[in-house]
1. Out of Ser290, Ser199, which single residue is of a type in the set (Ser, Thr, Tyr) and open to solvent by 10 Å² or more (accessible area, probe 1.4 Å)?
2. Which pairs have Cβ atoms under 7 Å, sit 6 or more apart or on different chains, and link a residue in the range 103-122 that is surrounded by 14 or more Cβ atoms within 10 Å (Cβ to Cβ) to one that is of a type in the set (Gly, Ala, Ser)?
3. Return the only residue of Lys319, Lys335 being at pLDDT 95 or above and open to solvent by 10 Å² or more (accessible area, probe 1.4 Å).
4. Which members of the range 137-154 meet the condition of being at pLDDT below 95 and at negative phi?
5. When the range 79-102 is examined, which residues are found to be in a helix (DSSP H, G or I) and either touching a Phe, Trp or Tyr at 6+ places or on another chain (Cβ under 7 Å) or surrounded by 14 or more Cβ atoms within 10 Å (Cβ to Cβ) (or both)?
6. How about the range 263-287: which of its residues are farther than 17 Å from Val61 by Cα and buried (at least 19 other Cβ atoms within 10 Å of the Cβ)?
7. Hey, any hits in the range 208-221 for a residue that's in a helix (DSSP H, G or I) and either under 30 Å from Val25 (Cβ atoms) or in contact with a helix residue (DSSP H, G or I) (Cβ under 8 Å, 6 or more places away or on another chain) (or both)?
8. Yes or no: the range 124-133 includes at least one residue that is within 17 Å of Glu20 (Cβ to Cβ), at pLDDT 95 or above and open to solvent by 20 Å² or more (accessible area, probe 1.4 Å).
Amino acid sequence: MADCMQEWPEPVVRVQALAESGLSVIPRCYVKPPCDRPAVSPAAATTVQETTEPSDMSIPVVDLGALLAADGGAAVTEAVAAACREWGFFQVVGHGVRPELLRAAREAWRGFFRRPLAERQRYANSPRTYEGYGSRLGVQKGAALDWGDYFFLHLAPEAAKSTPKFWPAVPGNCKEVSEEYGREVVRLCELLMRVMSVSLGLDEAHLQRAFGGAGCCGATLRANYYPRCPQPDLTLGLSAHSDPGVLTALLADEHVRGLQVRRSAGDWVDVRPVRDAFIVNVGDQVQIMSNSVYKSVEHRVVVNAEEERISLAIFYNPKGDVPISPAPELVTAAKLPPLYPTMTFDEYRLYVRSKGARGKAQIEALKGQAS
């Protein structure tokens, strides 16, 4: 596997460069099959995210500030449990991360994507580690591509952090702000791990311990840039997928919507971000550890003809070499067999790194394979 992931199979084209070239028809490699295209009305092609397909439902909002109240802990735990059972997604407010830091991090990365192409190209990435400036996932030649660019970095643990050569020199505050932002979001994820453990009937430290322990779990940053698109009804900024790790905490664009979540019935829900909130979603590793009590959920990003969009995703992941399997306590309590085989995260994530975003194909293929 490592040998086939040394370089991209084709020359990489920056989507931002395509968008800024003034083209009116997108290249065929970005056109999705009809079954995967967003249902966009003719008017939506020139207005921001006015799609006809998503429903008017909203993902839950959980106020973590209530944890500090005398009896607030139980209410927050139940709210998180309900969101994980019913949605796999929720927004968190009262998280304690300074609004000024949120805006500074977002603007630092907006500043990078506004630099000249030649400057951005200095940080071009490869599929060996994905660190740096990228425009595709997966190494399959001729694969359908998404209408978006990104910048990917390792923030934790200390031994795995991206070295200075991977960080943009401009904006000058990008590294400092992003690292502070990352530390705050990791703290939030560790808090959510404790709440989720209790919500599953486990001891407070169970999930954190099972995923490798505080200070050993991984955290990566993906700054997403979705340029304007002349044919938003034919493509996606990011194809439908579930996240392979533990949790994702997303800071959405403050002006432009684009994230959609798939409900169990198959309909897509347009996420409406709350100001200064994080959008949190359950990853595949939580689905495995909970023996499918909590499920990861497919989500995707739609684009539009009028506005660029930027978002920052922190992926909180298990320690790469720790074997992950359903918690014995949950298998016994539910009187169900373990649904998933034991596997490390390093083994698990090879799928998405080689094939890109493919819905929930990977975790569904593993279901029922436990010996």
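The values are calculated or read from the model by the stated rules, or taken from the named source; none is laboratory data. Note that this is a predicted model, so its numbers are computed, not measured. Reconstructed Cβ throughout: ideal geometry from the backbone, glycine too, with neighbour counts over all protein chains shown. The protein model used for the area step is the full one, side chains on, heavy atoms only, and it has no ligands, DNA or RNA in it. Shrake-Rupley method; radii C 1.70, N 1.55, O 1.52, S 1.80 Å.
1. Working: Ser290 fails: open to solvent by 10 Å² or more (accessible area, probe 1.4 Å).
Going through Ser290, Ser199 in turn, the sole match is Ser199.
2. If the second residue must be of a type in the set (Gly, Ala, Ser), the pairs left are Ala105/Ser178; Ala108/Ser178; Trp109/Ala223.
3. Details: Lys335 fails: at pLDDT 95 or above.
Exactly one of Lys319, Lys335 is at pLDDT 95 or above and open to solvent by 10 Å² or more (accessible area, probe 1.4 Å), namely Lys319.
4. Residues satisfying the conditions are Leu137, Val139, Gln140, Lys141, Ala143, Ala144.
5. From the range 79-102, those in a helix (DSSP H, G or I) are 79-86, 99-102; that's our starting set.
If the condition is that a residue be in a helix (DSSP H, G or I) and either touching a Phe, Trp or Tyr at 6+ places or on another chain (Cβ under 7 Å) or surrounded by 14 or more Cβ atoms within 10 Å (Cβ to Cβ) (or both), then Ala79, Val80, Ala81, Ala82, Ala83, Cys84, Arg85, Glu86, Leu101, Leu102 are the ones that fit.
6. Trp268, Gly283, Asp284, Gln285, Val286, Gln287
7. In the first step, residues of the range 208-221 are kept if they are in a helix (DSSP H, G or I); the result is 208-210.
Filter once more, keeping what is either under 30 Å from Val25 (Cβ atoms) or in contact with a helix residue (DSSP H, G or I) (Cβ under 8 Å, 6 or more places away or on another chain) (or both): 208, 210.
Looking for residues that are in a helix (DSSP H, G or I) and either under 30 Å from Val25 (Cβ atoms) or in contact with a helix residue (DSSP H, G or I) (Cβ under 8 Å, 6 or more places away or on another chain) (or both), one finds at least one in the range 208-221, hence yes.
8. Here is the first cut: in the range 124-133, the ones within 17 Å of Glu20 (Cβ to Cβ) are 133.
Going one step further and asking which of them are at pLDDT 95 or above, we end up with 133.
Imposing the further condition that a residue be open to solvent by 20 Å² or more (accessible area, probe 1.4 Å) reduces the set to none.
Looking for residues that are within 17 Å of Glu20 (Cβ to Cβ), at pLDDT 95 or above and open to solvent by 20 Å² or more (accessible area, probe 1.4 Å), one finds none in the range 124-133, hence no.
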